[in-house]
1. Could you check how many residues of the range 84-130 are under 29 Å from ASP164 (Cβ atoms) and of a type in the set (A, V, I, L, M)?
2. Does the range 77-107 hold any residues that are among the acidic types (Asp, Glu) and surrounded by fewer than 18 Cβ atoms within 10 Å (Cβ to Cβ), and which are they?
3. Is there any pair linking a residue in the range 52-69 that is closer than 23 Å to ASN123 by Cα to one that is in a loop (DSSP other than H, G, I, E, B) and among the hydrophobic types (A, V, I, L, M, F, W, C), with Cβ under 9 Å and at least six apart or on different chains, and which?
4. Out of curiosity, is GLU98 free of Cβ contacts under 8 Å to residues at least 12 places away in the same chain, over 24 Å from VAL134 (Cβ atoms) and among the acidic types (Asp, Glu)?
5. Any residue in the range 137-157 that is surrounded by fewer than 18 Cβ atoms within 10 Å (Cβ to Cβ), outside the structural domain of ALA9 (by TED's automatic domain parsing) and part of a helix (DSSP H, G or I)?
Amino acid sequence: MSKTEKGLAEAFAGESQANRKYLAFAKKAEEEGYKQVAKLFRAAAEAETVHAHNHLRAMGGIKVTEENLKAAIQGETYEFESMYPPMIDDAMAEGKDEAKKSFFWANEVEKIHARLYKEALDNLGSNKEVDYYVCGLCGNTVEGAAPEKCSICGASKQMFKKID
């Protein structure tokens, strides 16, 4: 890997993390009544997304949809088969219950994402329209309609957000 390729990968990761962090900061500022600060965090988060997309494009990381789906399946599968299980074990061994819960929820949802991407790949071109709902507590992603209770974290139906 060239220095430029390494730099692009590092920049993509950093910009992506900044986006997510700033959105979390915006949510907290909003909860505390700092609407203008929340707006600033959201604006910066959007800019970080632009940067991340530019870096990913320069890396050649955006392909045709079929290849993108295959990459997504591979990434999600890696996460639930290899990445999260030892993290869950470590958190358990260290008595870090909040981290264990966070890792477990993510691990379970990554399995769902891999399955949904596989189904999308298998049905590519059919243009069958399906609604998706995401649990705001654990990230569970469901098709069709929000369930009365999240199958992963137990959250109520009201915690699910319809994705457009």
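The values are calculated or read from the model by the stated rules, or taken from the named source; none is laboratory data. Treat the numbers as computed from the prediction; the structure is a model and nothing was measured. So basically every Cβ, Gly included, is an ideal-geometry build from the backbone, and we count neighbours across all protein chains shown.
1. Matching residues across the range 84-130 total 9.
2. Within the range 77-107, GLU81, ASP89, ASP90, GLU94, ASP97, GLU98 qualify.
3. THR65/LEU124; GLU66/LEU124; ASN68/ILE62; LEU69/LEU124
4. Working: free of Cβ contacts under 8 Å to residues at least 12 places away in the same chain: yes; over 24 Å from VAL134 (Cβ atoms): no; among the acidic types (Asp, Glu): yes.
The answer is no for GLU98.
5. Scanning the range 137-157, I find at least one residue that is surrounded by fewer than 18 Cβ atoms within 10 Å (Cβ to Cβ), outside the structural domain of ALA9 (by TED's automatic domain parsing) and part of a helix (DSSP H, G or I), so the answer is yes.
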